[in-house]
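What follows is one structure encoded as structure tokens, with my remarks underneath.
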Amino acid sequence: MKVQREKRFALLMAVRDSDYVKKVYGGYFNVFVEAFADEGEKWDLFCIVEGEFPDIDDLQNYEGFVISGSPHDAYGDEYWILELCFILQTLFAMQKKVLGICFGHQVLCRALGGKVGKAYSGWDIGIRKVSFTEDFTFYGYFDDSLDEIPPTLSIIECHQDEVCEVPEGAQVLACSDKTRVEMFKFGDNILGIQGHPEYEKDILDNIIDRLLSNGSFEVLDS
């Protein structure tokens, strides 16, 4: 009898756990596993913001990789961000599936030849309606049990940077009235999403409270 090999995935964590997420969810790792993992899969955590990366020789043993969001700039030159860009270029060459979320979406774009920077329109934080391009298809990333993809969806956003230009050969899959590149794909293995499909609204509410308390932005009276 043939024994099926256990599927392994790696979460590349570019953010430190907040006190709230640790208390309510046990850490962001649990948030991602709950959102994306299927039964029987093994997920490994690498705290790349602390300089912890998978061994280059072990990359081949993973089915796919997810890059989290981060308060850091994807266009920054911190050592771990440059190391992440190298790893992403290697994974692209290996044709490994990679999903980037928020910062992960932006750093994927940077690593593969696109451009990222501060959003001209400033912070986008809250619930945003995202519109798909007409030729959007599943590309093997989404639940094939869905009959069709709706023309729009609402997703949690929390970013002040954005993808300015996708890599040559990449395709924009979705946009919004605030952000031109809400989602892109490159080949059949790279997918970037600017929003946070892994978040529950309480996580967003806590982030907003923390940003307000540390003066990152202020609410203006209408």
Inset, instruction - Quote the relative contact order of the range 17-97 in percent (integer), defining contacts as alpha-carbon pairs under 8 Å separated by 6+ residues. - result: 24
Legend entry - Built amide H within the under 5 Å cut-off of residue 102, gap 5+: 193, 194, 195
Inset, instruction - Using a 1.4 angstrom probe, figure out how much accessible area the range 24-108 has per residue, in square angstrom, rounded to the nearest whole. - result: 45
Legend entry - Relative contact order, percent, the chain [alpha-carbon distance under 8 Å, six or more residues apart]: 19
Legend entry - Cα gyration tensor category, rounded, prolate or oblate, for the range 1-92 with a/c compared to 1.5: oblate
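Is the chain rounded, prolate or oblate when judged by the Cα gyration tensor, a ≥ b ≥ c being the square roots of its eigenvalues, rounded requiring a/c under 1.5 and prolate requiring a/b larger than b/c?
Working: a/c = 1.38, a/b = 1.25, b/c = 1.11.
Here the chain falls in the rounded category.
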Inset, instruction - Can you work out the PRE-style zone for residue 90? Point 7 Å along Cα to Cβ, and I want the residues of the range 59-77 with backbone N under 17 Å. - result: 59-67
Inset, instruction - Evaluate the charge dipole of the range 164-214 about its Cα centre and quote only its size in Debye, nearest 20, assuming +1 on the Cβ of each Lys and Arg and -1 on the Cβ of each Asp and Glu. - result: 120
Legend entry - Set of lysines with alpha-carbon distance to residue 97 below 22 Å, sequence-local pairs under 8 removed: 7, 42, 115, 185
Legend entry - Residue among 14, 170, 93 with the largest mean-square fluctuation in a Gaussian network model of the chain, springs linking Cα atoms under 10 Å: 93
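With a cut-off of at most 12 other beta carbons within 10 Å, and DSSP calling the residue loop, which GluC sites (Glu not before Pro) in the range 11-113 qualify? Please list them.
In loop regions of the range 11-113 (DSSP not H, G, I, E or B), the sparsely surrounded GluC sites (Glu not before Pro) are 39, 52, 78.
Exactly which GluC sites (Glu not before Pro) in the range 146-215 are in a DSSP loop and have at most 15 other Cβ atoms within 10 Å?
Values: sites: 148, 157, 162, 165, 168, 182, 198, 200; in loops: 148, 168, 182, 198, 200.
Taking the range 146-215 and a limit of 15 other Cβ atoms within 10 Å, the loop GluC sites (Glu not before Pro) found are 148, 168, 200.
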Inset, instruction - Would you work out the relative contact order for the range 1-58, in percent, from Cα pairs under 8 angstrom that are 6 or more residues apart? - result: 46
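The values are calculated or read from the model by the stated rules, or taken from the named source; none is laboratory data. Owing to the predicted nature of the structure, the values given are computational and were not obtained by experimental measurement. Note that we place each Cβ from the backbone using ideal geometry, even for glycine, and neighbour counts take in every protein chain shown. Accessible surface areas use protein heavy atoms only, side chains included; no ligands, DNA or RNA. Shrake-Rupley method; radii C 1.70, N 1.55, O 1.52, S 1.80 Å.
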